[in-house]
Amino acid sequence: MNYCYLDTPIGKLLIAGDENAIHRIEFPKRGKPALPERDWILSAKGPVAEAVRQLREYFAGKRTGFDLPLAPQGTDFQRGVWRRLQEIPYGETISYGELARRVGNPKASRAVGAANGSNPIPIVIPCHRVIGSNGKLTGFGGGLPTKEALLALEARQLSL
């Protein structure tokens, strides 16, 4: 697996993938970049290089969607939730309950929340666009300030 780091307004992201697809994007933890696996190779080529380019455009406000080959690892249920996340338009939010309805199981909002929280490719698979039914921001792997920053970035771009 190849990986590289990308400096962004929300911290240094670790981006990892192989010659075919992106497998992971990881937020910093406690202000420090995530660490790669021991056998990963520091190299930004192929899909990793393209992810870097597209994420730079996203953070610069010049990209509202991603066109990357993705290979998230998870259960069938998780992958189904992650596919539905990719259908949430830029700058919009939905509740966990609504996401559960879209997945086809309206009573599974907790399971959907758990799948959302285990998304291995955040930002590109926009788990930050899911909020509580009361409109409040709730749990996020990158921390609530990061979720708030991503939503604010998208809102700002839509208002221009």
Here Rg/Rh (Cα, Kirkwood) for region 1-132 equals 0.97
To the nearest 10 degrees, the tilt of helix 76-85 (Cα long axis) against the first principal axis of the alpha carbons of the chain is 90
Between the alpha carbon centres of region 4-41 and region 141-160 the gap in Å comes to 20
Counting only DSSP loop positions in region 15-102, the trypsin sites (Lys or Arg not before Pro) whose Cβ has at most 15 other Cβ atoms within 10 Å are R30, R38, K45, K62
Connecting every pair of Cα atoms under 10 Å apart in the chain and solving the GNM, the largest mean-square fluctuation among K136, K147, K12 falls on K136
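Compute the Cα gyration tensor for region 76-159, then decide on rounded, prolate or oblate, letting a ≥ b ≥ c be the square roots of its eigenvalues: rounded whenever a/c is under 1.5, prolate when a/b is larger than b/c in the other cases, and oblate in all that remain. Working shown, then result.
Values: a/c = 1.61, a/b = 1.55, b/c = 1.04.
It comes out prolate by the Cα gyration axes.
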Within the chain, the percent of DSSP beta bridges that are antiparallel, given to the nearest 5, stands at 65
Phi angles of region 112-117, converted by Karplus (6.51 cos²θ - 1.76 cosθ + 1.60, θ = phi - 60°) into ³J(HN,Hα) in whole Hz with x for Gly and Pro, give 5, x, 5, 5, 4, x
With Cα coordinates, the longest principal axis of the chain makes an angle with the long axis of helix 47-59, in degrees rounded to 10, of 60
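Given the rule -39500 (n - 2.57) for each run of at least 4 DSSP H residues, summed and divided by the residues of the chain, what is its mean residue ellipticity at 222 nm, to the nearest 500 deg cm²/dmol?
Details: 5 runs with 56 residues, N = 160.
Here the helix-only value at 222 nm equals -10500 deg cm²/dmol.
Can you pull out the GluC sites (Glu not before Pro) in region 1-45 that DSSP calls coil and that have at most 11 other Cβ atoms within 10 Å?
Values: sites: E19, E26, E37; in loops: E19, E37.
Loop-located and lightly packed - E19, E37.
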In degrees, nearest 10, the alpha-carbon axis of helix 144-159 is tilted away from the dominant principal axis of the alpha carbons of the chain by 80
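Taken together, the values in this text are just the output of simple stated rules run on the coordinates, not laboratory data. Please read these numbers as outputs of a predicted model, since none were measured by experiment. Please note: Cβ atoms are built from the backbone with ideal geometry, for glycine as well, and neighbour counts cover all protein chains shown.
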